[in-house]
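Right, one structure below, let's go through it.
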Protein chains: 2
Amino acid sequence: MLWRKEEPEPRPGLSVGRIVRAAIELADAEGLEGLSMRKVADRLGFTTMSLYRHVPGRDQLVDLMRDEVMGEHPELPPEREGWRARLEAIARQAWEIRRRHPWLAEVRGTRHLPGPHGVAHYDAMLATLTGTALRPSEVVAAIGLLGRFVDAEALVLVETRREEQRSGVSEQEWWGARDSLYERLDQYPALSHLWESGAWDAPEDSFEFGLRRLLDGIEALIQERDETRDETCQECGKPLEPTAPSGRPRVYCSRACQQRAYRKRKDG
Amino acid sequence: MLWRKEEPEPRPGLSVGRIVRAAIELADAEGLEGLSMRKVADRLGFTTMSLYRHVPGRDQLVDLMRDEVMGEHPELPPEREGWRARLEAIARQAWEIRRRHPWLAEVRGTRHLPGPHGVAHYDAMLATLTGTALRPSEVVAAIGLLGRFVDAEALVLVETRREEQRSGVSEQEWWGARDSLYERLDQYPALSHLWESGAWDAPEDSFEFGLRRLLDGIEALIQERDETRDETCQECGKPLEPTAPSGRPRVYCSRACQQRAYRKRKDG
DNA sequence: CCAGTCTGTATATGCCGTACACCGAGTACT
DNA sequence: AGTACTCGGTGTACGGCATATACAGACTGG
């Protein structure tokens, strides 16, 4: 269903596409909490239960919404020099989508079948690091880490925004009004020292800061791996031909070795 | 209320402490979603509404629970050499608490008044970096980043665990059974290359991996700042006395300058 | 004795997702 | 032409949630 093709000639009445789009509008305005089958149906002028003729349930609707908005940036950012610039560009793209659709970061659960746009995104991120000296499992771990970082930052952003607009009080004002906190501050040396140093007067942009730290951390590992790059076949131990710059790192010396390793993994 | 003292002689009937403890047991077993006022009350043998005589509402109850469990590790990890070892130790402690009380990572919202244990933890984390060349705002940003990282990792952990025990199918099995995914794999070059390289056969431990990356990233910034360390008073520009190793970095040359800067910030 | 406070209770409102029974219109087949 | 069947939309209902409100008994201070 996620990989469905949009019906070419739109017929009157409900359709998956229309439901998904209405749901996205609603979630953009009210957040994932505010997304209910009743409200989606109202917005479309149908009864609640009519939606269930097209969509199995709320959870699957959210899956559809996710993949839909991930397709809003079909063009990947332009090719750039080096893994770092490329990865940074894609991370910013993901960040941009979450700024436009804050509810995206609020979706929970680990067993979401990815749709076409989601996989494409994931593949593009993985591609940025496959040319490096990182081991395959490290590529996957690094991309996962970066993805969770973007989601986590987006989550606090949407939460502060939502609480601000709900209460009409800005985050700064709210914390400023909590006098009781500052009375006890003296008991906490690091906290009060930083407070007096003005650490909270001009805070860092937390996405920019975190992104740089993460990329630095990944870069450190790449350098480490570069120094001890393994130049022998993972299967038979023979020396490998040198990898072309910015090409995939070679792991096996021949197709035969690759297939032997693949069968090994598959069987055991 | 968060800073309340436990009543010395326990009286029969309900009390904040008893409610909080019952709620923690419940959330440990069923997650934050499964925590409802009804169930807490049932567990204690009272009616739902009786709880509201002691606790303002569900949200505040969760705040109380948070601070309660943060107090389970009152002894901070032993003093270690260097900011990195100390910060790592505290991060692991936070991780440990979230493994014991997975719902902790599920708590959403940015305006939680911190309780005594929460502030103590935060102060301890900040303290690890105040001896470094980082600027105050960078210390705060780095600690925030690390905190969100721990929460994000804990969140996916609890989500997979919960889905596994709910469905009885392990995460690996579940993804393995999604044949439809692997059919399309060929269209995604990086993904299929990594798949064939066995990147998912022996995945990295995502907490360990991420923690190292983050600490490396922070270390990179510290080195950068170390090289260009500012050795003049932030207020009057006079040269500073050298900072004692592992002491707080000096920012002002005298108490007078510090107070002048403080008043400036406060007024404008 | 009585007013007031403190605790626990009972009932009710308004959300939510969705199971189930129904119904009219079209459609495919005999 | 008649009939069975499917499709899309409807209406009602259930069980779960947080919590507002009104109330009832017990204890306490004057």
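Flag: A:H112 matches the condition of being surrounded by fewer than 17 Cβ atoms within 10 Å (Cβ to Cβ) and either closer than 20 Å to A:E153 by Cα or assigned by TED's automatic domain parsing to the domain that holds A:E208 (or both). Pairing residues of region B:126-142 that are at the interface with another protein chain (Cβ under 7 Å from one of its Cβ atoms) and more than 19 Å from B:E81 (Cα to Cα) with residues that are aromatic (F, W, Y) and surrounded by fewer than 21 Cβ atoms within 10 Å (Cβ to Cβ), at Cβ distances under 8 Å and at least 6 apart in sequence or on separate chains, gives B:S137/A:W200; B:V140/A:W200. Of the listed requirements (1) part of a helix (DSSP H, G or I); (2) in contact (Cβ under 8 Å) with a residue 40 or more places away in the chain, B:D123 misses just one: (2). Does at least one position in region B:59-76 carry a residue that is over 20 Å from B:R99 (Cβ atoms), buried (at least 17 other Cβ atoms within 10 Å of the Cβ) and either within 14 Å of another protein chain (Cβ to nearest Cβ) or within 10 Å of DNA strand D (Cβ to nearest atom) (or both)? Yes, there is a match, as at least one residue in region B:59-76 is over 20 Å from B:R99 (Cβ atoms), buried (at least 17 other Cβ atoms within 10 Å of the Cβ) and either within 14 Å of another protein chain (Cβ to nearest Cβ) or within 10 Å of DNA strand D (Cβ to nearest atom) (or both).
For region B:12-54, a residue qualifies if it is outside any helix (DSSP H, G or I) and closer than 24 Å to B:R98 by Cα, and the qualifying residues are B:G31, B:L32, B:E33, B:G34, B:L35, B:S36. Listed by first and then second residue, the pairs linking a residue in region A:24-47 that is outside the structural domain of A:R100 (by TED's automatic domain parsing) to a residue that is among the aromatic types (F, W, Y) and away from DNA strand D (no atom under 13 Å from the Cβ), with Cβ atoms under 8 Å apart and 6 or more places separating them unless they lie on different chains, are A:A27/A:W103; A:D28/A:W103; A:G31/A:W103; A:L32/A:W103; A:L35/A:W103. Once region A:9-24 is narrowed to residues that are more than 19 Å from A:M49 (Cα to Cα) and within 15 Å of DNA strand C (Cβ to nearest atom), the residue that is surrounded by the most Cβ atoms within 10 Å (Cβ to Cβ) is A:R11. Condition first: of a type in the set (D, E, K, R) and within 15 Å of the chain's Cα centre (by Cα). Can you find one or more residues in region B:29-50 that meet it? Among the residues of region B:29-50, not one is of a type in the set (D, E, K, R) and within 15 Å of the chain's Cα centre (by Cα), which makes the answer no. If you go through region B:172-218 and keep only what is under 16 Å from A:G144 (Cα atoms), at the interface with chain A (Cβ under 8 Å from one of its Cβ atoms) and part of a helix (DSSP H, G or I), you end up with B:A190, B:L191, B:L194, B:S206, B:F209, B:G210, B:R212, B:R213, B:L214.
The values are calculated or read from the model by the stated rules, or taken from the named source; none is laboratory data. This one's a predicted model, so the numbers in the text were calculated from it and none came from an experiment. Ideal geometry is used to build each Cβ from the backbone, glycine not excepted, and the neighbour counts take in all protein chains shown.
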